[in-house]
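A short write-up of the structure that comes next.
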């Protein structure tokens, strides 16, 4: 039976030209060899499996080669090259610092450095995982590393450069190896497949390259595994099954359902994914990556950032033509918020389903300009609807009439008794800079008393999006007998407005605040005074940060000059769990005061 050699060893580069994805480093090393400007110490650092030790071996082999070719690669024919290939070279020494990290090991190495090579020009010492050396070993190595004999070259390799002391770093020429690009790994896998006569689908090789996270060695290990499983045939389906990867079809189908605002299909796709044993967190991250790939596929300049095969690129290019940029950008924000709240959620699946509801609602809002999942403005009492289309008031633009407050327009409508005058519902401005007709600064509205009853409705979602009080028509600040009139709001009206505000918070991704407001119902404690109970100090702090915006909304909603909102902690709530050692010890002493006496008698020093 022929001895099997894994691809990572069998196809390990033996020349500079075969090194994958490190062209700048390779070129620098070749220039150093050609100009004979070799440093006494090199430090190769970077992630695993990207060619650090491979480049160290090629460099060590090249500096002693007797017949370098025109590309400055070792000839593999001279005595030095043949002895290195057979692993009995006296000029090239490899030391694994992970198992030889003591000061005695370094002292032994220093003793060997003194002797010149019997054949060849240099003695090269390759120290792998050099960050594993002990502090004393590093100190013992300092002097020799700074001023070694002319015939000695040290090549240090590490995956954790930050663990190496600065005095060592300052004595080395540092080369930072980067992760290998997906396209480079996929091309190398295609080369190996052709050499091994393996039938492989390009999309399957791209998927293996993506899962390797920039490590060529990891990619070759997975490649060998897939070859064994598929009997010399690698398909996209076998890679998906063996690596436990969510098929791209799931995300394409889900994106199609979101584009149709088909919430039912979204829920069924999620159910299928969970039933197949995939983690929900993996699904969330995968959906975020899919929307990101659709976004970058919209521009040819960013298309190069897409790590996918030709077939997948074509599918992304087709689907992205049907996607609105606003859907992709705002959808990414919703997915990011879901991922952020995943660890603190007691029901991750419900959180994910809410994310899908928001994405479908977002697409519906973009298509129609009206989000059915958000509460709509309620027409105020006294508003009259004219004939014609439902909900539409036929207006005739008029100039300002004395006695009318800024922010309103006079509208002539046909009523049962003739022509009457009603006020128009003033929409919120989209940006602070844009001034629509009918809007004015608060100072312009001062002194216009006697305007009569002002009936104004407000879009809650727009209210939350602005986030700034000055972006809202400032009628609440107006003085005069025409404001703050009418009967007080009822408990039912308060609960309805409270729920609307809470729901919009959820639709904007602020699930935590939505849950706090939905726990209990607010109570009316006096004229224009509201009280609300929370369970914990953290909930009180979060709601206090939102209180000003909530009060502003309630003032607009109920047409009140002042609204007071008191937030208190429920005295019957269970005490919060102690978070520090000091709080825990105090809690124990409260339950058993004898504990403190025992500590004092025994003179125990407790680290609080």
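The values are calculated or read from the model by the stated rules, or taken from the named source; none is laboratory data. Fair warning: this is a prediction, and the values are worked out from it, not measured in the lab. Heads up, the Cβs are rebuilt from the backbone with ideal geometry, glycines too, and the neighbour counts pull from every protein chain shown.
Below is a table of values for the structure above.
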read-out	value
Given (1) in contact (Cβ under 8 Å) with a residue 60 or more places away in the chain; (2) surrounded by 16 or more Cβ atoms within 10 Å (Cβ to Cβ), index of the condition residue 256 fails	(2)
Unique match (being in contact with a helix residue (DSSP H, G or I) (Cβ under 8 Å, 6 or more places away or on another chain) and in contact (Cβ under 8 Å) with a residue 40 or more places away in the chain) among 53, 28, 15	15
Subset of the stretch 555-569 [under 10 Å from residue 528 (Cα atoms) and in a helix (DSSP H, G or I)]	555, 558
Wholly within the stretch 28-129, helices (runs of 4 or more DSSP H) carrying at least 1 residues that are under 41 Å from the mean Cα position of the chain (by Cα) and surrounded by fewer than 22 Cβ atoms within 10 Å (Cβ to Cβ)	52-63
Those residues of the stretch 509-529 which are modelled with pLDDT of 80 or more, in contact with a helix residue (DSSP H, G or I) (Cβ under 7 Å, 6 or more places away or on another chain) and not in a helix (DSSP H, G or I), in sequence order	521, 522, 524
Members of the stretch 212-246 found to be in contact with a helix residue (DSSP H, G or I) (Cβ under 8 Å, 6 or more places away or on another chain) and closer than 21 Å to residue 314 by Cα, listed by number	235, 236, 239, 240, 245, 246
Any hit, the stretch 597-606, residues being modelled with pLDDT of 75 or more, on the phi < 0 side of the Ramachandran plot, surrounded by 13 or more Cβ atoms within 10 Å (Cβ to Cβ) and assigned to a helix (DSSP H, G or I)	yes
Residues of the stretch 182-202 that turn out to be crowded, with 19+ Cβ neighbours inside 10 Å and part of a helix (DSSP H, G or I), as a count	7
Neighbours by Cβ (under 7 Å, 6+ apart or cross-chain): first from the stretch 265-277, within 15 Å of residue 241 (Cβ to Cβ); second assigned to a helix (DSSP H, G or I)	273/250; 273/283
Subset of the stretch 556-583 (residues that are within 35 Å of the chain's Cα centre (by Cα) and modelled with pLDDT of 75 or more)	567, 569
When residues of the stretch 241-253 are limited to those that are on the phi < 0 side of the Ramachandran plot and outside any helix (DSSP H, G or I), the one surrounded by the most Cβ atoms within 10 Å (Cβ to Cβ)	246
Cβ-Cβ under 7 Å pairs, at least 6 apart or on other chains, the stretch 71-85 side more than 14 Å from residue 121 (Cβ to Cβ) and not assigned by TED's automatic domain parsing to the domain that holds residue 14, far side crowded, with 18+ Cβ neighbours inside 10 Å and modelled with pLDDT under 85	none
Which numbered condition residue 541 fails, given (1) touching a residue at least 12 places away in the same chain (Cβ under 8 Å); (2) in a helix (DSSP H, G or I); (3) within 30 Å of residue 347 (Cα to Cα)	(1)
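Rundown of residues vs (1) surrounded by 15 or more Cβ atoms within 10 Å (Cβ to Cβ); (2) assigned to a strand (DSSP E or B); (3) in contact with a strand residue (DSSP E or B) (Cβ under 7 Å, 6 or more places away or on another chain); (4) modelled with pLDDT under 90, yes/no style:
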| position | (1), (2), (3), (4) |
| --- | --- |
| 145 | yes, no, yes, yes |
| 153 | yes, yes, yes, no |
| 229 | no, no, no, yes |
| 239 | yes, no, no, yes |
